[in-house]
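Accompanying notes for the structure given below.
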Amino acid sequence: MSRFIANNFSEYLDLYQESVERPEEFWSQFASSEFLWKRPWDSVLEHDLSEPSVSWFKGAQLNITENCIDRHLEHNGEKTAIIFEPNDQNDEPLHITYAELAIQVNKTANMLKSLGANKGDRICLYMPMVPELAFAVLACARIGAIHSVVFAGFSSKSLSDRINDASCKFVLTADGGYRGAKITPLKNIADDAIKQCPCVEKVLVLKRTNSEIQWTSGRDFWWHETIEQQSEHCPAETMDAEDHLFILYTSGSTGQPKGMVHTCGGYMVYTNFSFRNVFQYKANDVYWCTADIGWITGHSYIVYGPLSAGATTLMFEGVPSYPDMGRFWQVVERHKVNILYTAPTAIRALAQCDLSFVTNADISSLRILGTVGEPINKEAWEWYDDHVGTNNCPIVDTWWQTETGGIMISPLAGITPTIPTFATHPLPGIQPCLMDENGTEVSSIEGEGRLCIKFPWPSIARTIYGNHKRFKDTYFSAFPGHYFTGDGAKRDAKGNYRITGRVDDVVIVSGHNLGTAEIENIIDEHEAVTEAAVVGYPHPIKGNSIYAFVTINAGQVDMDRTTLESEIKKLVSDTLGPISKPEKIQFCSGLPKTRSGKIMRRILRKVAAGELDSFGDISTLLNPECVEEIVQNRL
Ligand code: PRX
C-alpha cells in the first residue's frame, strides 16, 4: 500500500495540500518509492513557464519498460498483463502474461535493432489494435527509439504529414486491420503515404488480414519472418528522465497537426500515479479502456499507466457495433471486466439502442466506470449510471488532454463525491485556475473562465516536435506564466470543475479532435471553391458535427451543387479521413468578415447551431448583408 494512493476523501485532501505546498518533496518521494531508477535525479524540478522549459527528475536514468515489465516478473510473471479481445468474437481471446509480454517485447526490440533502429530514431506505428502494437510501443521504449503512433483510421495524407514531420526512418504497419465487418487496407495506405516520405528506409508488415498487398523488396519486411530468429533478451537502453519517449500528434486550431513530445521519467511517474488514484485499481481487477492506442488515452491508460502498475489491461480490436450493439457488454461478461473506461460518444450511441443489449449480458462484474474525451451530457451520464452501473458504480469523468499526458481533473473512484457533468477536483499535483477575458485569475471560488494550469506537473508535454515557438505561442502566451488548455470551465462553490468545451477552433467529433483550419485548407483546394469556413454544431450522439460554409469561384457558380457537395465531402474524406467529412455544406455568396478580413466564426457557429435570435455585435462586419442570406439558407 502506497501512502500516495488515497483511500478516502480526507486522504485525498491531505495529499492535495501536500502536493501544492511541497511539490518537489511530494513527487520526489512518490517517484523514489514506486519505481526502478538506474540512477537518481540531481534535481526534482526545474521550470520556467515563460520559455516554457520544464524538466522533472533531471539527471535520473531509467527505462520505462523495466518498470512496466521486468520488475513484475519475479512475483507476477504469470499474471495476465494484456487480454486481447479480437474483432471477431468467434476467435479466441488471448491472455498474455507478464512473462510472455517480456519475451514478445524483447524479441520485437531485437527485431527493430536488426533493421538498424537506434536510440533516438523516430518510428511510426500505423497499426490495428492487436497485441503487436503494444509490443512495438514498448519495444521502441526498450531501445530508446521514439514512437509516433498514428491512429489507423487516418488517411495517407495525414500519415505522410506525420511521418515527415518527425522524419521517421521506420514504419510499422499491417497488411490490413479489422474494424467490424470492414478491413482497412493499412499497407496500401502506408505505401501511398511513403511515396511522399523520403525519410522512410524500412517498413515492417504484420500479417493480420491476409489481404493482397504490394511489396517493395529491400524496403518491406514481414514481421513474422524478421522476428523469428530474434533473441528473447534485449537489454533495456539507459534513458535520461528527460529523453523523449514518444511523439503523438493532435489537431491544432491552425494548420498542421502538432507533434506533442512526452519524456520518459515524468510521464511514467504521472501516468502510474493517476491510473492508481483515479481507478483505484486492485490487484486482481480486469481493467478495460476502450480507446485506441493511436490516441493519448491508449498510450497512458491502456499501455503505460496500467502496465507500470502491474495491472491486467484489455485491448479490444473491434468496434462497439460489431456484430451488434451488444458487443461491449459481451466483452465485459466474457472477461469479467471490473473497470470500464470509455467515451461519451460511445455511451450516447449505446444509450440509443434497445436496453436488452445491456440486460442480456451479465455485467455484474463492473465496479468502476470512467469517461473521457469530451464533456458528457447529463442524460448520457445518468444512463451510464442507471443501466451500466446500476447506480452502484462510481463514475469518473476524467478531464485531460494529449498535452497533459495524464488525467488532470477527475473524481477518484468511490472517494470523490460525483456530480453528473462535473469532472470535480484536480488530482494531487495539479493546480488549475480560471482566467477571465482580461487575463486576470477569477478569485472567487464560484466562477467561470478559461481553464489554465499554474504549475508544472510531471507529465506535461515538453514541446511540439521541431517547433518550440509554436508550443510557446499556443499554450503559454495567452496567459503568461500559465499553461492554457484551450477549454472553458465553470467552478462551483465547493471547488468542483465542470468543463464547458473548447474555446478555440478545435471541434471534437465522436471524441476525435479536429482542427477546423485543417479542414478548411482541404476544401479550399477544390478548384470551384473560393473560401470555406468550418465550424462545429451540436450532434446528439457524436457530440459535434462539422458544418462548412463555402463560397464558389465566380466562373463556377453554375456547377451542380449536389455534385460539388459530394466532391468536397470526398476530397475531405480521402485527404483527412472520413471522420473529418462535413455533415452539412452550405454554399453562400459571401462569408461574414471583419474589417481586418477575419471570418467572424462566432456568427457561423450560431447559425450552424440554430441559435438565430442574437448574433451580438456585428457592427464591425465588412459585409453584414451576407448574414441574412446565410440565415435564410441555413441547412
Ligand atoms: O476539450 C477537452 C476534451 O478533449 C480535449 C483533449 O482532447 P485530446 O487531446 O484528444 O485528449 C482526449 C483524451 C484525453 C480537451 O481539451 N475533453 C477531454 N476529456 C474531457 C473533455 N471535455 C470535457 N470533459 C472531459 N472529461
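Structure above, values below:
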{"read-out": "Residue in the range 580-596 that is free of Cβ contacts under 8 Å to residues at least 24 places away in the same chain and of a type outside the set (A, V, I, L, M, F, W, C) present", "value": "yes"}
{"read-out": "Residue check, Ala380 open to solvent by less than 10 Å² (accessible area, probe 1.4 Å) and in a helix (DSSP H, G or I)", "value": "yes"}
{"read-out": "Selection status of Ile143, farther than 22 Å from Lys207 by Cβ, modelled with pLDDT of 95 or more and in contact with a Leu (Cβ under 8 Å, 6 or more places away or on another chain)", "value": "yes"}
{"read-out": "Condition met for Glu437 (away from the ligand (no atom under 15 Å from the Cβ) and either modelled with pLDDT under 95 or of a type in the set (Lys, Arg) (or both))", "value": "yes"}
{"read-out": "Val319 being among the aliphatic types (A, V, I, L, M) and either touching a Cys at 6+ places or on another chain (Cβ under 8 Å) or surrounded by fewer than 22 Cβ atoms within 10 Å (Cβ to Cβ) (or both)", "value": "yes"}
{"read-out": "Residue within the range 42-49 that is surrounded by 15 or more Cβ atoms within 10 Å (Cβ to Cβ), more than 19 Å from Met268 (Cβ to Cβ) and modelled with pLDDT of 95 or more present", "value": "yes"}
{"read-out": "Among the residues listed as Phe471, Phe484, the single one being outside any loop (DSSP other than H, G, I, E, B), within 11 Å of the ligand (Cβ to nearest atom) and under 19 Å from Ile296 (Cα atoms)", "value": "Phe484"}
{"read-out": "Residues located in the range 288-297, provided they are touching a helix residue (DSSP H, G or I) at 6+ places or on another chain (Cβ under 9 Å) and either of a type outside the set (Ser, Thr, Tyr) or closer than 20 Å to Thr65 by Cα (or both)", "value": "Trp288, Cys289, Ala291, Asp292, Ile293, Gly294"}
{"read-out": "First in the range 67-88 and closer than 15 Å to Gln330 by Cβ, second anywhere and of a type in the set (Gly, Ala, Ser), Cβ under 8 Å, 6 or more apart", "value": "Glu85/Gly318; Pro86/Gly318; Asn87/Gly180; Asn87/Gly318; Asp88/Gly318"}
{"read-out": "Residue list for the range 286-308, filter: of a type outside the set (A, V, I, L, M, F, W, C) and either within 16 Å of the ligand (Cβ to nearest atom) or open to solvent by 10 Å² or more (accessible area, probe 1.4 Å) (or both)", "value": "Thr290, Asp292, Gly294, Thr297, Gly298, His299, Ser300, Tyr301, Tyr304, Gly305, Pro306"}
{"read-out": "Single condition Trp457 does not satisfy, out of (1) more than 23 Å from the chain's Cα centre (by Cα); (2) surrounded by 22 or more Cβ atoms within 10 Å (Cβ to Cβ); (3) aromatic (Phe, Trp, Tyr)", "value": "(1)"}
{"read-out": "Hits in the range 386-404 - residues which are open to solvent by less than 20 Å² (accessible area, probe 1.4 Å), away from the ligand (no atom under 16 Å from the Cβ) and in a loop (DSSP other than H, G, I, E, B)", "value": "Gly389, Cys393"}
{"read-out": "Residue within the range 24-32 that is farther than 25 Å from Leu307 by Cβ and part of a helix (DSSP H, G or I) present", "value": "yes"}
{"read-out": "Options Leu427, Leu451: the member that is within 30 Å of Ser148 (Cβ to Cβ), touching a residue at least 12 places away in the same chain (Cβ under 8 Å) and within 12 Å of the ligand (Cβ to nearest atom)", "value": "Leu451"}
{"read-out": "Among (1) under 20 Å from Pro257 (Cβ atoms); (2) modelled with pLDDT of 90 or more - the single one Glu518 does not satisfy", "value": "(2)"}
{"read-out": "Filter pass, Pro411 being more than 16 Å from the ligand (Cβ to nearest atom), part of a loop (DSSP other than H, G, I, E, B) and closer than 27 Å to Trp27 by Cβ", "value": "no"}
{"read-out": "Pairs where the first residue, in the range 96-118, is of a type in the set (Asp, Glu) and the second is modelled with pLDDT of 95 or more, C-beta under 8 Å, 6+ apart", "value": "Glu100/Ala81"}
{"read-out": "From the options Ala489, Ala478, residue that is surrounded by fewer than 19 Cβ atoms within 10 Å (Cβ to Cβ) and either assigned to a strand (DSSP E or B) or within 15 Å of the ligand (Cβ to nearest atom) (or both)", "value": "Ala478"}
{"read-out": "Entirely in the range 79-179, the helices (runs of 4 or more DSSP H) that have 1 or more residues that are open to solvent by less than 10 Å² (accessible area, probe 1.4 Å) and under 22 Å from Gly305 (Cα atoms)", "value": "98-114, 131-143"}
{"read-out": "Considering residues of the range 414-424 that are within 23 Å of Arg348 (Cα to Cα) and aliphatic (A, V, I, L, M) only, the residue nearest to the ligand (Cβ to nearest atom)", "value": "Ala423"}
{"read-out": "Yes/no for Glu374 being assigned to a helix (DSSP H, G or I) and either open to solvent by less than 30 Å² (accessible area, probe 1.4 Å) or over 26 Å from Asn90 (Cβ atoms) (or both)", "value": "no"}
{"read-out": "For Asn272: the one exception among (1) within 16 Å of the ligand (Cβ to nearest atom); (2) of a type in the set (S, T, N, Q); (3) crowded, with 24+ Cβ neighbours inside 10 Å", "value": "(1)"}
{"read-out": "Residue count, the range 350-361 (criterion: loosely packed, with under 13 Cβ neighbours inside 10 Å and in a loop (DSSP other than H, G, I, E, B))", "value": "3"}
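The values are calculated or read from the model by the stated rules, or taken from the named source; none is laboratory data. Because the structure is a prediction, the values reported are computed rather than measured. Virtual Cβ from ideal backbone geometry, glycine too; neighbours counted across all protein chains shown. For accessibility, only protein heavy atoms count, side chains too; no ligands or nucleic acids. Shrake-Rupley method; radii C 1.70, N 1.55, O 1.52, S 1.80 Å.
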